[in-house]
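The values are calculated or read from the model by the stated rules, or taken from the named source; none is laboratory data. Here the structure is a predicted model, which means the values were calculated and not measured. Using ideal geometry, Cβ is built from the backbone for each residue, glycine included, and neighbour counts are taken over all protein chains shown.
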Amino acid sequence: MRVTLAVVVLAALSACAPAIPDSRAGVDPGTGVGFGNSQDYLRQKAEREAALAGAVLPPANSVSAMPPGVGTPPDTEAERLAADIRAALAVDPVTGREMVPASPSNPPPAVLNSAGISQENSFDAVGAERSIEQDAARIAQNRAQYQMFQPEAIGPRPGDVGPNIVAYALATKHPRGTQIYRRVGVNLQSKAERACRNYPSPDQAQLDFLRRGGPERDRLGLDPDGDGYACDWDPAPFRRAVQN
């Protein structure tokens, strides 16, 4: 009786157990996942990786072995747009003539940025426009056109051209604000401010001040503090230029 019961239990367990395949040819050795054959597995794996990357693979046997642009005309909108762009770049938009590649007999124009400023000192910008050989030929042509001029003496300065503010600055030693000359009157500073507005620069005011008898006399009221410098003119830059 016990033997019969054991046989019945074993039979029930055998019926519930899954079938065990005879071969492991259809199991991925890395994951243990079953598949039909190796080609299907590789195809499904590529589709899954493309889906994760956001790309779409073309259907099987849909890729042509012909190189791009050979055989059939473009089918997709992107291909048609690329073909239109290539055709547009091959023609000069101004003259309508076909573009000619640059060569020693047809040198490219100067490299300019969008603002029209030369980028001849930028290796990347020049390298994108012409080759090293073309650039060397351009440099040789510029050197052949280079001319050297020797300086010539300008001669002595004539003495009848009026006062010279440079010579006046070097002849004086005192700083601005040091009273040297006597000035008489009321509201001298306000009068000087109004008078100085008539000159485009302190240099022009100082020159006119010297022409009219300055620094001893100040007929226009350009030097209210009596330092000999009109309209805040400063002789210090001229002095520093000589020292340096």
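If you scan the range 145-180, which residues turn out to be of a type outside the set (Gly, Ala, Ser) and modelled with pLDDT under 80? Let's see the steps before the verdict.
Quick first cut of the range 145-180, residues of a type outside the set (Gly, Ala, Ser) only: 145-152, 154, 156-158, 160-161, 163-166, 168, 170, 172-176, 178-180.
Hits for the range 145-180 are ILE154, PRO156, ARG157, PRO158, ASP160, VAL161.
Which condition does LEU210 not pass, out of (1) surrounded by 16 or more Cβ atoms within 10 Å (Cβ to Cβ); (2) under 51 Å from the mean Cα position of the chain (by Cα); (3) more than 23 Å from VAL242 (Cα to Cα), if it passes all the others?
Only one criterion in (1) surrounded by 16 or more Cβ atoms within 10 Å (Cβ to Cβ); (2) under 51 Å from the mean Cα position of the chain (by Cα); (3) more than 23 Å from VAL242 (Cα to Cα) is unmet by LEU210, namely (3).
Looking only at the range 83-119, count how many residues are in contact with a strand residue (DSSP E or B) (Cβ under 9 Å, 6 or more places away or on another chain) and either modelled with pLDDT of 75 or more or surrounded by 10 or more Cβ atoms within 10 Å (Cβ to Cβ) (or both).
Step one: filter the range 83-119 for residues in contact with a strand residue (DSSP E or B) (Cβ under 9 Å, 6 or more places away or on another chain), giving 90-92, 97-100, 110-112, 118-119.
Remaining after also requiring either modelled with pLDDT of 75 or more or surrounded by 10 or more Cβ atoms within 10 Å (Cβ to Cβ) (or both): 91-92, 99, 110-112, 118-119.
Of the residues in that region, 8 qualify.
Do we find that VAL242 is touching a residue at least 40 places away in the same chain (Cβ under 8 Å) and in contact with a helix residue (DSSP H, G or I) (Cβ under 6 Å, 6 or more places away or on another chain) in this structure? Full working, then the answer.
Numbers: touching a residue at least 40 places away in the same chain (Cβ under 8 Å): yes; in contact with a helix residue (DSSP H, G or I) (Cβ under 6 Å, 6 or more places away or on another chain): no.
No, not satisfied.
Hey, among the residues in the range 187-233 that are among the basic types (Lys, Arg) and without any contact (Cβ under 8 Å) to a residue 40 or more places away in the chain, which one's nearest to ALA167 (Cα to Cα)? Walk me through how you get there before you give the answer.
So in the range 187-233, the residues among the basic types (Lys, Arg) come out as 191, 194, 197, 211-212, 217, 219.
Next, from what is left, pick out any that are without any contact (Cβ under 8 Å) to a residue 40 or more places away in the chain: 191, 194, 197, 212, 217, 219.
Values: LYS191: 28, ARG194: 27, ARG197: 25, ARG212: 17, ARG217: 19, ARG219: 22 Å.
Applying the filter and picking the extreme gives ARG212.
Can you say whether ARG194 is assigned to a helix (DSSP H, G or I) and among the basic types (Lys, Arg), as far as the supplied structure shows?
When the stated conditions are applied, ARG194 passes them.
Here is a list of conditions, (1) in the same structural domain as ARG217 (by TED's automatic domain parsing); (2) within 49 Å of the chain's Cα centre (by Cα); (3) loosely packed, with under 13 Cβ neighbours inside 10 Å, and PRO156 meets all of them except one; can you say which number that is?
With respect to (1) in the same structural domain as ARG217 (by TED's automatic domain parsing); (2) within 49 Å of the chain's Cα centre (by Cα); (3) loosely packed, with under 13 Cβ neighbours inside 10 Å, PRO156 is out only on (1).
Answer with yes or no whether ASP234 is of a type in the set (Asp, Glu), in a helix (DSSP H, G or I) and within 12 Å of ALA169 (Cα to Cα).
Numbers: of a type in the set (Asp, Glu): yes; in a helix (DSSP H, G or I): no; within 12 Å of ALA169 (Cα to Cα): yes.
No; evaluated as a whole, the condition is false for this residue.
Would you mention how many residues in the range 159-182 are surrounded by fewer than 10 Cβ atoms within 10 Å (Cβ to Cβ) and either in contact with a Phe, Trp or Tyr (Cβ under 8 Å, 6 or more places away or on another chain) or without any contact (Cβ under 8 Å) to a residue 40 or more places away in the chain (or both)? Please lay out each step first, then the result.
If we filter the range 159-182 for residues that are surrounded by fewer than 10 Cβ atoms within 10 Å (Cβ to Cβ), which is where we start, we get 159-162, 171, 173, 182.
With either in contact with a Phe, Trp or Tyr (Cβ under 8 Å, 6 or more places away or on another chain) or without any contact (Cβ under 8 Å) to a residue 40 or more places away in the chain (or both) added as a condition, the list becomes 159-161, 171, 173.
Residues in the range 159-182 being surrounded by fewer than 10 Cβ atoms within 10 Å (Cβ to Cβ) and either in contact with a Phe, Trp or Tyr (Cβ under 8 Å, 6 or more places away or on another chain) or without any contact (Cβ under 8 Å) to a residue 40 or more places away in the chain (or both): 5 in total.
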